[in-house]
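Contents: one structure, followed by commentary.
Where a number appears in this text, it was derived from the coordinates with a stated rule and is not lab data. Because the structure is a prediction, the values reported are computed rather than measured. Glycine gets a Cβ as well: all are built from the backbone with ideal geometry, and neighbour counts include every protein chain shown.
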Amino acid sequence: MNLQKFALTLALTFLAAPAWSADYKIDPGHSFITFRIVHLGFGWTYGRFNALSGSFSYDSSNPEASKISVNIDPASVDTNHAERDKDLRENWFQVDEFPQASFASSKYTGGDAEGVLEGTLTMHGVSKPIAINVSKVGEGEDPWGNYRVGFIGTVALNRTDWGVEPSLGPKGESVELELSVEGIRQ
């Protein structure tokens, strides 16, 4: 085999090789978790968690190999009402006893644009499986030369399944979460 044929064979071998997942660090300045819950059957209370961190692996040509791990600081809860936030920290999330919540994925089903991310949510000392509906927002190079990818997900949870017990009435058991995650390729 001459050198040109060898080089062509080698190049085609690398082009045909499967792409590897890239590792991303969650950008906490551009990622957030928001929630809403019915208050006493009269209206909605909205809030967010201001502090989260984590990482994920993602490959657009093999999205089912994606994995994510997220840590959430429940003490960072923010509903734009200081007294309510203090009550949430002390009586709902009991942050002195449970200073961290986390999610670790176990499976992704779907394509590059959308799918379902399954995993375990640990909150308030309880770990349970959940399934998050996920859509890709976009990916590409940012103005500073970093490569980014972003996703949004939604899930509704029954807060009492995790032992978060104070009552807001029967309509206040379900909490709707929206998770927006943007990562920077490492």
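One table, with the values for the structure above:
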quantity	calculated
Stretchable slack from residue 84 to residue 65, in nm (0.36 nm times residue separation minus alpha-carbon distance)	2.8 nm
Once the Cα gyration tensor of the chain is diagonalised, semi-axes √(5λ) in Å	41, 16, 14
Choice from 172, 43, 115 showing the highest fluctuation, given a GNM over the chain with Cα pairs closer than 10 Å	43
Positive-end residue of 150, 127, 140, charge dipole of region 92-150 with Cβ unit charges	127
Förster-model FRET efficiency, 45 Å R0, residue 96 and residue 154, C-beta, rounded to 0.05	0.90
Anisotropy class of region 96-186 from Cα gyration tensor, a/c 1.5 cut	prolate
Degrees separating the helix 3-16 axis from the principal Cα axis of the chain, which is the longest one	20 degrees
Estimated [θ] at 222 nm from DSSP helical runs (n ≥ 4, -39500 (n - 2.57)) normalised by residues in the chain, nearest 500	-3000 deg cm²/dmol
Vicinal HN-Hα couplings computed from phi for region 136-147 (Karplus, 6.51 cos²θ - 1.76 cosθ + 1.60; Hz; Gly/Pro x)	7, 7, x, 8, x, 7, 8, x, 9, x, 8, 9
Distance between region 119-186 and region 74-92 - C-alpha centres, whole angstrom	18 Å
Cleavage-rule hits (chymotrypsin sites (Phe, Trp or Tyr not before Pro)) in region 102-186: DSSP loop, at most 11 neighbouring Cβ within 10 angstrom	144
Added length on full extension, which subtracts the Cα-Cα distance from 0.36 nm per residue, residue 23 to residue 40	1.8 nm
